[in-house]
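The values are calculated or read from the model by the stated rules, or taken from the named source; none is laboratory data. These figures come from a predicted structure and were not determined experimentally. In this analysis, Cβ positions are derived from the backbone assuming ideal geometry, glycine residues included, and neighbour counts consider all displayed protein chains. Accessible surface areas use protein heavy atoms only, side chains included; no ligands, DNA or RNA. Shrake-Rupley method; radii C 1.70, N 1.55, O 1.52, S 1.80 Å.
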Amino acid sequence: MEYTNILIIKMSSLGDVLHTLPFVAVLRDRFPKARLTWLVHPQFGAFVPDPPMVDEVIYFDKVKFNKMSLSGKWAYFKEMRRLLHSKKFDLVIDMQGLFKSAVLAAISGCDNRIGYCEMREGSGFVSRAVTGSHAKDHVIERYLDVARYLGCKVDEIRFPMPDLEKEWLAVKEKAEAVLRPYVVLVPGARWETKKWPAENFAKLADMLQKDGKKVVLAGGPDETALGAEIRKLSPGVTDLTGKTSLRELGALIQHCDGYISGDTGPLFIAAAMKRPLVALYGPTRPDRTGPYGSKEATVMIAPVSCAGCLKKHCDDWVCMKAITPEAVFDEYKKKVK
């Protein structure tokens, strides 16, 4: 069946949005004349592809919404419903599979609604789950099963990324270190259990600098204290945590010699850009949500029996501590000649 006006709902997080890019790439191939609209939270929309890949972006401001009164929230939903109805979509694809995305799919005005295989929190009652042969594989393949269902041809994993030349110029003005060969370290993560200890990042930074590389710390505003702690332990690093926009962070990663972090959003920017990288995994499972589609990625899994537990909090947190700076440096040297 041919569709001319498609809404994609994928609102968060940064990693999940990036994991959806290969799906959008083949969807555009299959429906070259269709109008593609993406519904996303503003803070995660930086890497939604520009036209002609995606024609329009609609933002649902969750942060603003959560601060509203009950009457304000109701008014916001009514305005969103009016907007979505006005677009007259003939297909809605819920790639989030949660209650919040189900509500927006339900008020879209479109009766033809599908989603991927893991439709949670009741979202499967609103949008029909599409389960393909890759339901137990990496999340990118699970998303691509929806594309295959729609008749898309999937030959390779492609990540359509924006032009970041303007952002690269801005980054170069912020730090002299990026004018030389440099390695990006991103120490933060949304879960406390996914974070590699600050002292380990500092030791690794020292090793990298002795090896002749500049080291640049990067991350969001919530990670500035962590960046300052590492810089105190390893004074030679350049600390840009909290000092770049998401797209500037993308430009910083795009031009780096190497990238190292735990399981966090910027990791998937590095993977999408096929930069040499080392990813550190403890409580999460790289076979399901790790860097995918790049031969430049090395994944190090914590050498403990409880790795992959998926716990956001842990009373006996040993996994990430079990990955040593020396082991990470050795893997980095294999990846970056």
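For the reader, a short list of remarks on this structure follows.
- Only DSSP H runs of four or more residues enter the estimate; each adds -39500 (n - 2.57), and after division by the residues of the chain the mean residue ellipticity at 222 nm equals -11000 deg cm²/dmol.
- Simple label model, 7 Å out from Cα along Cβ direction - Q43 to V299, nm: 2.6 nm
- Cα gyration tensor category, rounded, prolate or oblate, for segment 1-140 with a/c compared to 1.5: rounded
- Where segment 164-298 is the region considered: accessible area per residue in Å², 1.4 Å probe: 40 Å²
- Take the Cβ atoms of R285 and S86, set R0 to 45 Å, and the FRET efficiency comes out at 0.65.
- Placing +1 on the Cβ of every Lys and Arg and -1 on the Cβ of every Asp and Glu, with nothing else charged, gives the chain a dipole about its Cα centre of roughly 420 debye.
- When the Cα atoms of segment 49-105 are aligned to their principal axes, the ranges along those axes come out at 37, 21, 21 Å in descending order.
- Note: relative contact order over segment 1-102, using C-alpha pairs below 8 Å and six or more positions apart, is 39 percent.
- Annotation: E121 carries an accessible surface of approximately 120 Å², with a 1.4 Å probe and no ligand, DNA or RNA atoms counted.
- Percent accessible area from carbon and sulfur atoms, the chain, protein chains only, probe 1.4 Å: 52 percent
- Based on Cα contacts under 8 Å between residues 6+ apart, segment 73-166 shows a relative contact order of 20 percent.
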